[in-house]
1. What does the C-alpha gyration tensor say about the overall shape of the range 15-216? Classify as rounded when a/c is under 1.5, otherwise prolate if a/b is larger than b/c, or oblate.
2. Ranked highest first by the average count of other Cβ atoms within 10 Å around their residues, in what order do 359-371, 139-151 fall?
3. Give the residue from Leu400, Ala362, Trp352 lying farthest towards the positive end of the charge dipole for the range 320-408; charges sit on Cβ (+1 for Lys and Arg, -1 for Asp and Glu) and the dipole is referred to the Cα centre.
4. Based on the inverse mean of 1/r over its pairs of different Cα atoms, what is the Kirkwood hydrodynamic radius of the range 89-150, in Å?
5. Over the range 147-234, how many percent of alpha carbon pairs lie in each 10 Å bin up to the one with the longest distance?
6. Starting from the Cα-Cα distance between Thr233 and Ser370, subtract it from 0.36 nm times their residue separation and give me the gain in nm to one decimal.
7. Between His323, Gly376, Trp390, whose Cα lies farthest towards the positive end of the dipole of the range 320-408 when Lys and Arg beta carbons carry +1 and Asp and Glu beta carbons carry -1, centred on the Cα centre?
8. Charges only on Cβ, +1 for Lys and Arg, -1 for Asp and Glu: so what's the dipole of the chain about the Cα centre, in debye to the nearest 20?
Amino acid sequence: MINVVTTGLVCSVAASLCAAGGQTERLYYDAVEAGGTLVGGVIEVPMVAHEHRHLGGRAVSTQIWGSGPSSNRVDLVVVGDGYIADELGLYATHASDVVGALFGIEPLATYGPCFLAHRVDVISNESGVDNDPTDGIDRDTAMDMGFFCYGIERLLCVNVSKAVGFAGAAPQQEQIIAIANSTKYGGAGYASSNLGTVSGGNGSAFDVAIHEFGHSMADLADEYHYGDGATYTGGETGAVNTSILTEAEMAASGTKWSEWLGENQPAWDGLVSTYEGAAYHEYGIYRPSNNSMMRSLARPFNLIAAEAFILEIYATIDPLDDHSPTDDPLNGDEVLYVDPIDLTGHALSVQWSIDGVPIPGATGATLDLSSVDLLGAIEVSVRVVDETPWVRDEAARASLMSRDLAWTIDLPCAGDLDGNGAVTVNDVLIVVGSFGQVGGAGDADGNGVVNANDLLVVLGGWGACP
């Protein structure tokens, strides 16, 4: 078993930064015991400045997942270390397998269309990574990946600055996975840098990648402990999936996962409650479910983790990929459209309204204005919302997962045939003067013939136009 490393600052690599009180980030590491239970810890390490120059000129980027505009997707970039030129095929397999595993587990399976993934082919001078299989082995690789990081065997570190630099070969980057050319078990989650590491050839690589993604993207804490009697004595945690509150205290306070208490769904690790033991301590701190992916490999995420992922996704993307322009007033003959992002398994809800009143049945992606009554109306609007039951934070749903659009209506004034802004006797004379004509100037109802109906339109709109 790995002995947990406390969250005290580690300054062995960048002493000058530590001495200066520089920024740090949480670095998670995990190992697996028999039966799949995880052990590991978290340390605070100096946060290294990312490369200001992209190293993409030394690497090639290939899109391997998703579709749609990069500007409205979570851009996941996979970079590989310790792969020589002849091993790029192996790396491509490792990258595809890891990405496929990520989007094979909920909620990432449903929200997979919100992502684009690019594989960046990085060529190293030597095959393999440092300290593999034992400490003291150095290899010349592009991103300096290696085990025994900070003296912890299974902690697989990477030069974050170089990883970010190589990821610059992709069009955009929000999340990075660095894959080591190794079969040795290991990984890491750099919470602040949105970066995770994994061994491409290890049998547990897929689950490790998923677990570390929970750290690096959703900012989830580990939910396991060591059974060594350790008691947590600190204040309330910042992670959404750990708390010092018992179930009764949480329900009374209305904080953390209080909205989920009592929910019992086997697909999401069963009953949501407060299970004692989490964040490397056996007592004094609680997790939301019995045995989720943040506690053991080959497990589902729990509902609290699912909500965290979804909100993090919507913090990056908009519910709409496209929509009709809202700049110009409507004249009543347009067909308005919205293009919600397409999820797997459920669609975003759409509701069109006139002056704030929902139009019955108008829940599709388009609205033909000629099919609705706009007389006297001021505004057409639409609301698009992701109504997934996997989110119960309604304030976050309103701010992140919804989109409201509105268009101003500027219809021609009925009966104002001379366009002077009022319906008067002059307009009556226009109807009379072209009475019976096809397409005459007095065709107030637009049916192609000037007749008594046009005279009624003029009389009905008598006076100043609105």
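Here, each number is a calculation from the coordinates, and none is a lab measurement. What you see is a predicted model, and the numbers here were worked out from it, not measured in a lab. Methodologically, a virtual Cβ is constructed for each residue, glycine included, from the backbone with ideal geometry; neighbour enumeration extends over all protein chains shown.
1. Numbers: a/c = 1.24, a/b = 1.17, b/c = 1.05.
Cα axes put the range 15-216 in the rounded bin.
2. Working: 359-371: 13.5, 139-151: 21.2.
Ranking the peptides 359-371, 139-151 by packing returns 139-151, 359-371.
3. Leu400
4. Numbers: mean 1/r = 0.0721 Å⁻¹.
About 13.9 Å for the range 89-150.
5. For the range 147-234, the binned pair fractions read 17, 43, 31, 8, 2 percent.
6. Values: separation 137, 0.36 × 137 = 49.32 nm, distance 6.59 nm.
Between Thr233 and Ser370, full extension yields an extra 42.7 nm.
7. Farthest towards the positive pole: Trp390.
8. Details: 17 positive and 62 negative charges, 226 e Å.
Value, rounded to 20: 1080 debye.
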